[in-house]
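These notes concern the structure reproduced below.
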Amino acid sequence: MKHRILFFVIVATLFASCKDEVLPKPKAMLRLDYPTAEYMQSGADCVYTFDKNILSDIKENKGCSMVLDYPMMNGSIYLTYKPVQGNLDTLLVDAQKLSYEHVVKADNIVEQPFINTDKKVYGMFYEVSGNAASQSQFYVTDSINHFVTGSLYFYAKPNYDSILPAAMYLQNDIRKIMESLQWNN
């Protein structure tokens, strides 16, 4: 009889102690979805053209250097054009140096060479991971007359986890710029 009473007391205690406690939810990141990218050829009257995302606006255009502004993502891709006038080595060193200035805050920098012999476009894409100021850098050239550098910047304090979805989306746009870029000789 004692065992039955003890059994019922234990079962009653278990049922009484099993309450649904309200616990705070853990912190989580927002899920940011962006529309599928649609591209159109840039209307810039420059020595080069490229396909740009229709979500971007050409904010400035001075001497074939421009800013592709993405207001929806609070970021921009800065494109800088420089003519090659016997200074290709200097332009290459400056572009590489600019990319590696972010090594202080970056966790990793991955270099991805780019070669399009049909359009005579050669360059390098730098993917920067970590809390660096710029998440992507690139340069392209025809090695004779033209040199274009590009950088991705967000108008927010760098927090890699927070800007990662937007950074990945804009890195795809940068790759599209590199793949579609052609020189107007």
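Take the residues in segment 29-60 that are over 21 Å from the mean Cα position of the chain (by Cα) and in a loop (DSSP other than H, G, I, E, B), then tell me which one is modelled with the highest pLDDT.
VAL47
Condition check ((1) at pLDDT below 90; (2) of a type outside the set (Gly, Ala, Ser); (3) part of a loop (DSSP other than H, G, I, E, B); (4) over 15 Å from PHE50 (Cα atoms)) across all residues:
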{"position": "MET72", "(1), (2), (3), (4)": "yes, yes, yes, yes"}
{"position": "THR80", "(1), (2), (3), (4)": "no, yes, no, no"}
{"position": "PHE147", "(1), (2), (3), (4)": "no, yes, no, no"}
{"position": "ASP161", "(1), (2), (3), (4)": "yes, yes, no, yes"}
{"position": "MET168", "(1), (2), (3), (4)": "yes, yes, no, yes"}
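Please give the number of the condition ALA156 fails out of (1) among the hydrophobic types (A, V, I, L, M, F, W, C); (2) modelled with pLDDT of 85 or more; (3) closer than 25 Å to PRO71 by Cβ.
(2)
Exactly one of these conditions fails for THR80: (1) hydroxyl-bearing (Ser, Thr, Tyr); (2) in contact with a Ser or Thr (Cβ under 6 Å, 6 or more places away or on another chain); (3) under 18 Å from TYR34 (Cα atoms). Give me its number.
Looking at each condition in turn, THR80 falls short on (3).
Can you find a residue in segment 83-94 that is in a helix (DSSP H, G or I), modelled with pLDDT under 95, among the polar types (S, T, N, Q) and surrounded by 16 or more Cβ atoms within 10 Å (Cβ to Cβ)?
no
Are any of the residues in segment 102-113 touching a residue at least 40 places away in the same chain (Cβ under 8 Å) and in contact with an Asp or Glu (Cβ under 6 Å, 6 or more places away or on another chain)?
No, because not a single residue in segment 102-113 is touching a residue at least 40 places away in the same chain (Cβ under 8 Å) and in contact with an Asp or Glu (Cβ under 6 Å, 6 or more places away or on another chain).
Before we move on, is SER134 among the hydroxyl-bearing types (Ser, Thr, Tyr), more than 26 Å from GLU38 (Cβ to Cβ) and crowded, with 16+ Cβ neighbours inside 10 Å?
No.
Inside segment 144-183, can you point out the residues that are among the small types (Gly, Ala, Ser), touching a Phe, Trp or Tyr at 6+ places or on another chain (Cβ under 6 Å) and over 17 Å from GLN112 (Cα atoms)?
Answer for segment 144-183, where residues must be among the small types (Gly, Ala, Ser), touching a Phe, Trp or Tyr at 6+ places or on another chain (Cβ under 6 Å) and over 17 Å from GLN112 (Cα atoms): there is none.
The values are calculated or read from the model by the stated rules, or taken from the named source; none is laboratory data. Owing to the predicted nature of the structure, the values given are computational and were not obtained by experimental measurement. Here Cβ is always computed from backbone atoms with ideal geometry, including for glycine, and neighbour counts include all displayed protein chains.
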